[in-house]
Ligand SMILES: Cc1ncc(C[n+]2csc(CCOP(=O)(O)OP(=O)(O)O)c2C)c(N)n1
Ligand SMILES: CC(=O)[C@@H](O)[C@H](O)COP(=O)(O)O
Ligand SMILES: [Mg+2]
């Protein structure tokens, strides 16, 4: 166990008001202590480290210059906000980060008044900040609104929609572009290249340069129209930056680790800005911690680790991750079929498409954080006869729903949707929980929706999706490792809309869709031991349903329990809809649909989440006992 860092100055700062009593000359020391505290805390909890390390000085400077929480400080994504949490009254709980009952790994309105906007999905900060700025203006307020957005997050359309609107409204809004030239992976795209040119093409601006620029062009109280005219003329003559063309006063690049540069620039903007301002700050992801600086991912997200060596704890795995099985299976299929191409929205590593990209670099597309574009781009590929796999986490696919409906489903385009992180994700909590994909996809006419019960099933589903050209097809699988089943050499093509009976019984039928099959089998053992002969079926498809199999189950069993790791409105709803229309609910059948609870489930260990949701074997057994009126057994379960 490493000793806790010595933090005499940080110990005096509970909230930003304490920070503002320090002399500017003390701030570098404070930043250094804050960094040490951050590293130590995350070494105990795991979590997002690299991004926070990169904004330590920026965090100190922002809270020093601005009057938070009256001035609204919005962190895009929120994964870099751990230093902010330490400085805003949450240091005493910082070692509970991402643990059950502890601090969230992202910003959250219910956690602190210093978090004016909750996040975790990217690129929302400028829109939210603009809304706050307009609300302030409507009620005659004077506070500042600051949105801090990363270069990765700056690849998403929402950021441009917001800047477009902010420029037109001439809103007094400060955007800080935190450019560390990293997303989770190295960033891709023309915008990223543009930022790199901006960052390298000029020297960093210090106070003197900035002051000169501000007074020569703007003057302390110059009329806004004159300032705009000057800006426009300057852009016309010298070629304005994209941000200037959008109506922002653009400052930078400045060194985001140099407090002597940051503080005066921020003060100037605080005191002089009266329209949208963008400050381009250059930082280094992982700054100040050797192992992070040296790592290819800059320690974006880490397990618990040893502070001295940087070695991360790794739980032994007796089966490959679903992500890896997906990637290897897709590679296998792509070797046979050169029409298979793959699309990721800035998650090459998380989706396994980094492995695919190593084998098929020209058939792999990382489009940046741009899920909407990713889906429509895949639709375009499909129109030309390609077989695109748009691999997007369940939670991030939410952002592209209209594209899924309008660009893919209505046109019956055969886009394949491998949906990773379907179901509970543990420490990332509610914002990242893959709860809704079955619900929002299976409701679409013509969509095929599958869920893998284990890693071998996933392999079959990859092959099935590869060979299916009649319309969109999705297959969902969870975060983490498989269960260690024997793997087929190659996947088989599954018959569309056909499930399988895994175990035959007579009284109780457990109909599983996806990840909970093992718990259904364990529940069947327990029920069998209690004298309740139990069938276990793997539905494989939520759409189209295996109607024959469901008919057989309900006709020959007294109880039907459907089990899925998804929100209400998904697989069970389709089963119930079918049963109702077939009149199969009218002859005494006891049906119990088990779904995720109708709440946004907070971060915790996955096993605990399953237990609380009643989706583990104990919960399934309990449900059966209750359905059969065995109250005493239910209580014991
Ligand atoms: C809509 C959405 N897509 C994907 C992600 C996953 N994600 C989280 S952080 C991140 C990279 C963000 O890069 P950047 O904004 O530059 O921040 P940095 O980590 O470099 O500080 C990505 C892709 C997300 N949070 N939200
Ligand atoms: C902040 C963010 O959205 C990602 O970093 C996410 O936490 C990754 O999750 P996985 O670890 O499941 O890839
Ligand atoms: Mg970045």
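Worth pointing out:
- With respect to being at pLDDT 95 or above and farther than 27 Å from residue 170 by Cα, residue 267 falls outside the description.
- Segment 160-186, subset in contact with a strand residue (DSSP E or B) (Cβ under 9 Å, 6 or more places away or on another chain) and within 16 Å of ligand 2 (Cβ to nearest atom), residue farthest from residue 350 (Cα to Cα): 178
- Within the option set 154, 182, being surrounded by fewer than 24 Cβ atoms within 10 Å (Cβ to Cβ), in the same structural domain as residue 251 (by TED's automatic domain parsing) and near ligand 3 (Cβ under 10 Å from one of its atoms) holds for one residue only, 182.
- Some residue of segment 164-179 being at pLDDT below 95, over 16 Å from the mean Cα position of the chain (by Cα), within 15 Å of ligand 3 (Cβ to nearest atom) and outside any loop (DSSP other than H, G, I, E, B): no
- Among the residues of segment 344-365, the one identified as over 16 Å from the mean Cα position of the chain (by Cα), buried (at least 24 other Cβ atoms within 10 Å of the Cβ) and within 22 Å of residue 401 (Cβ to Cβ) is 353.
- There is no residue in segment 67-87 that is more than 16 Å from ligand 3 (Cβ to nearest atom) and over 18 Å from residue 16 (Cα atoms).
- Residue-level check: of (1) more than 16 Å from ligand 2 (Cβ to nearest atom); (2) in contact (Cβ under 8 Å) with a residue 60 or more places away in the chain, residue 299 misses just (1).
- Segment 597-612, residues that are over 19 Å from the mean Cα position of the chain (by Cα) and surrounded by 19 or more Cβ atoms within 10 Å (Cβ to Cβ): 610
- Taken as a whole, the condition of being modelled with pLDDT of 95 or more and surrounded by fewer than 18 Cβ atoms within 10 Å (Cβ to Cβ) does not apply to residue 476.
- Residue list for segment 120-137, filter: touching a residue at least 60 places away in the same chain (Cβ under 8 Å) and more than 16 Å from ligand 2 (Cβ to nearest atom): 132
- Condition met for residue 112 (assigned by TED's automatic domain parsing to the domain that holds residue 16 and more than 16 Å from ligand 1 (Cβ to nearest atom)): yes
- Taking each residue of segment 607-622 that is in the same structural domain as residue 522 (by TED's automatic domain parsing) and looking for partners that are modelled with pLDDT under 95 with beta-carbon atoms closer than 7 Å, six or more apart or interchain, yields 618/637; 621/637; 622/634; 622/637.
For (1) under 20 Å from the mean Cα position of the chain (by Cα); (2) outside any helix (DSSP H, G or I); (3) surrounded by fewer than 21 Cβ atoms within 10 Å (Cβ to Cβ), each residue gets a yes or a no:
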| position | (1), (2), (3) |
| --- | --- |
| 31 | no, no, no |
| 53 | yes, no, no |
| 59 | no, no, no |
| 62 | no, no, no |
| 73 | no, yes, no |
| 108 | yes, yes, no |
| 117 | yes, yes, no |
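- The set of residues from segment 75-91 being within 16 Å of ligand 2 (Cβ to nearest atom) and either at positive phi or not in a strand (DSSP E or B) (or both) comprises 76, 77, 78, 79, 80, 81, 82, 83, 84, 85.
- Of all residues in segment 119-129, those satisfying the criterion of being surrounded by 22 or more Cβ atoms within 10 Å (Cβ to Cβ) and outside any loop (DSSP other than H, G, I, E, B) are 125, 126, 129.
- Leading residue by the ranking (surrounded by the fewest Cβ atoms within 10 Å (Cβ to Cβ)) among those in segment 92-106 that are in a loop (DSSP other than H, G, I, E, B) and out of contact with any helix residue (DSSP H, G or I) (no Cβ under 7 Å at 6 or more places or on another chain): 101
- Some residue of segment 289-296 being surrounded by fewer than 18 Cβ atoms within 10 Å (Cβ to Cβ), assigned to a helix (DSSP H, G or I) and in contact (Cβ under 8 Å) with a residue 40 or more places away in the chain: no
- Of the residues making up segment 100-119, just one is under 24 Å from residue 170 (Cα atoms) and within 16 Å of ligand 2 (Cβ to nearest atom), namely 117.
- Residues that are within 15 Å of residue 347 (Cβ to Cβ) and in contact with a strand residue (DSSP E or B) (Cβ under 6 Å, 6 or more places away or on another chain) were ranked within segment 411-434; the one that is nearest to ligand 3 (Cβ to nearest atom) is 421.
- Residue tally, condition crowded, with 19+ Cβ neighbours inside 10 Å and in contact (Cβ under 8 Å) with a residue 40 or more places away in the chain, over segment 1-29: 5
- Checked across segment 216-229, the condition of being part of a loop (DSSP other than H, G, I, E, B), surrounded by 15 or more Cβ atoms within 10 Å (Cβ to Cβ) and at pLDDT 90 or above holds for no residue.
- Unmet criterion (only one of (1) touching a strand residue (DSSP E or B) at 6+ places or on another chain (Cβ under 6 Å); (2) outside any loop (DSSP other than H, G, I, E, B); (3) surrounded by fewer than 21 Cβ atoms within 10 Å (Cβ to Cβ)) for residue 334: (3)
The values are calculated or read from the model by the stated rules, or taken from the named source; none is laboratory data. This structure is a prediction, so every number in the text was calculated from the model and none was measured. Virtual Cβ from ideal backbone geometry, glycine too; neighbours counted across all protein chains shown.
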